[in-house]
Amino acid sequence: MLAIVGPSGAGKSTLLRMINRLDEPTHGAVYFHGEDYRGLSTSTLRRSIGMVMQRAYLFPGTIAENIAFGPQQHGINITAEQIADLLGQVGLEGYAQRDPLTLSGGEAQRVAITRALANQPEVLLLDEPTSALDGVARSEVERLLESLIRERHLTCLWVTHSPEQARTMGDRVLRLDAGHMTAIGAPDKVLGQTSEASRA
Amino acid sequence: MLEHLFPNQLARGVVECLIAALTAIAVIVLARRRAPDLLKEVPLAQLRGLLQIVAVGAILAALLHGPQWTSIFVLVGMVFAAASIVRKRAKQIPGAFALALIAIGVGAGSILAIMTATGVIPLRILVLVPVGSMVIANTMNTQSLFLDRFRGEVLAHVGEIESALALGASPEAAVARYLRAAFRSSLIPAVDNIRSLGIVWIPGIMAGMVLSGASPLFAALYQFVVLSTIFSASALACFVASYLVTKRIFSAHSQLLLRA
């Protein structure tokens, strides 16, 4: 888990969007499995590199339809049992036929995470996935992501504006400033000792 | 009353236009707090529309004695003008003029071609130009509604669209529901026109045919033909535009280019 921190406008979200190829790099290149990703089809790349945004942005329909959407784009029909199993992993048993509009912010974000995981990505990009949530929901989503990432051995890039969250969640931390990487390494090395981070 | 005051038909027509235009301006002045921009837009639109229709009247008068095929050029000119007007309503959509030109040209052009080939619309200037202009004008309105609604839907749902793209969806799949919403809403006026035909309104072409001596029953049937032709042309133009517009708002790498 690589946590990415930096001030507003540093380019954290832009970096994730470029990795998912929602934005095109103006110069330089992104490499995936050692290969310039421009050689891959965008659809294949996005299946392998999932992304969860700040807000859930669930589609109209049912939760099950939201989860089935990604695999369908790649010609895979996910079964009702698989959907129920995925929902069970995020603590939303019995939610398959619910309308997204009836969910709380935390529940919606858990569905968005499930929707991204339904594609079985190798890499998961998290663009401030808890910033729109209140304290309790934020902790729940953090714990959920932590366990899912460890269980599935996912490579994960987590953009956060919170140094504390970066310290808690990240195995390593990358600091961005004005579009440039200014530090990368262990959380304590990049963010300083806990007391320093608290003062910051 | 006007007939007595203005025995000359042309002079009476000018006075009638003035009264109609001033009435519209009076309504806009009355409602100025709701739509202040219209105070400027409506008089200019009226002046422009009046000059254009007078010019068309003059061209028609000149063409009446020429060969029938010249009407094609008049209609092609109208398609270009319609595309130019749609472009202004479809701001932010790259290449909107070419898009509208192709969509209206294919939509109105092919349906008019079928109607003239089957003899439903006679290949006579006096019929083809007025009926063709109605088809083109209504297709233009539907195009404006379609593109404006689609643009609004996309701008209001950037997050949902990019979430779909991030899951590997194609641009067509990512905007499918917004295309459907725009398609449906843009055709509502054309459908309602057919549905309300005869009950809510008796369109001008039918009134004109009856006034010029045609059987009211035949005039009624022909009015249905015209409105159905308008619907077909409008729907076909939207269908064509729905494919073209998707290509214009995404990059070759499925990146959304249309953003607020």
- Out of all the residues in segment A:155-167, is one or more charged (D, E, K, R) and in contact with a Gly (Cβ under 6 Å, 6 or more places away or on another chain)? no
- Query: From the list B:33, B:87, B:124, B:48, which one is of a type in the set (D, E, K, R) and touching a residue at least 40 places away in the same chain (Cβ under 8 Å)?
  - Reply: B:124
- If you go through segment A:145-185 one residue at a time, how many are open to solvent by less than 30 Å² (accessible area, probe 1.4 Å) and under 9 Å from residue A:1 (Cα atoms)? 8
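Residue by residue, here is whether (1) within 16 Å of residue B:134 (Cα to Cα); (2) modelled with pLDDT under 85 holds:
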{"residue": "B:217", "(1), (2)": "no, yes"}
{"residue": "B:225", "(1), (2)": "yes, no"}
{"residue": "B:236", "(1), (2)": "yes, no"}
{"residue": "B:241", "(1), (2)": "no, no"}
{"residue": "B:245", "(1), (2)": "no, no"}
{"residue": "B:250", "(1), (2)": "no, no"}
{"residue": "B:257", "(1), (2)": "no, no"}
- Considering each of B:158, B:175 in turn, give the residue that is touching a Ser or Thr at 6+ places or on another chain (Cβ under 9 Å), within 14 Å of chain A (Cβ to nearest Cβ) and at pLDDT 95 or above. B:175
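Just to be sure I understand, how many residues within segment B:212-228 are closer than 16 Å to residue B:196 by Cα and not aliphatic (A, V, I, L, M)?
4
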- Message: Between B:58, B:83, which is in the same structural domain as residue B:205 (by TED's automatic domain parsing) and either more than 17 Å from residue B:225 (Cα to Cα) or among the polar types (S, T, N, Q) (or both)?
- Response: B:83
- Message: With the structure loaded, tell me whether residue A:92 is touching a residue at least 40 places away in the same chain (Cβ under 8 Å) and crowded, with 16+ Cβ neighbours inside 10 Å or whether it fails that test.
- Response: no
- Task: Take residue B:104 and decide whether it is assigned by TED's automatic domain parsing to the domain that holds residue B:128, closer than 30 Å to residue B:154 by Cβ, of a type in the set (Val, Ile, Thr) and part of a helix (DSSP H, G or I).
- Result: yes
- Query: Is one or more of the residues making up segment B:122-144 at pLDDT below 90, farther than 23 Å from residue B:242 by Cβ, part of a strand (DSSP E or B) and not charged (D, E, K, R)?
  - Reply: no
- Would you call residue B:173 farther than 18 Å from residue B:256 by Cα, open to solvent by 10 Å² or more (accessible area, probe 1.4 Å) and without any contact (Cβ under 8 Å) to a residue 24 or more places away in the chain? no
- Total residues in segment A:3-50, condition of a type in the set (Phe, Trp, Tyr) and assigned to a helix (DSSP H, G or I): 1
- Query: Taking segment A:27-73 on its own, how many of its residues are within 13 Å of chain B (Cβ to nearest Cβ) and open to solvent by 70 Å² or more (accessible area, probe 1.4 Å)?
  - Reply: 8
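The values are calculated or read from the model by the stated rules, or taken from the named source; none is laboratory data. All values reported here derive from a predicted model rather than from experimental measurement. Quick reminder, even Gly has a Cβ in these numbers, built from the backbone with ideal geometry, and neighbours come from all protein chains shown. Calculation scope for accessible area: heavy atoms of the full protein, side chains included, ligands and nucleic acids excluded. Shrake-Rupley method; radii C 1.70, N 1.55, O 1.52, S 1.80 Å.
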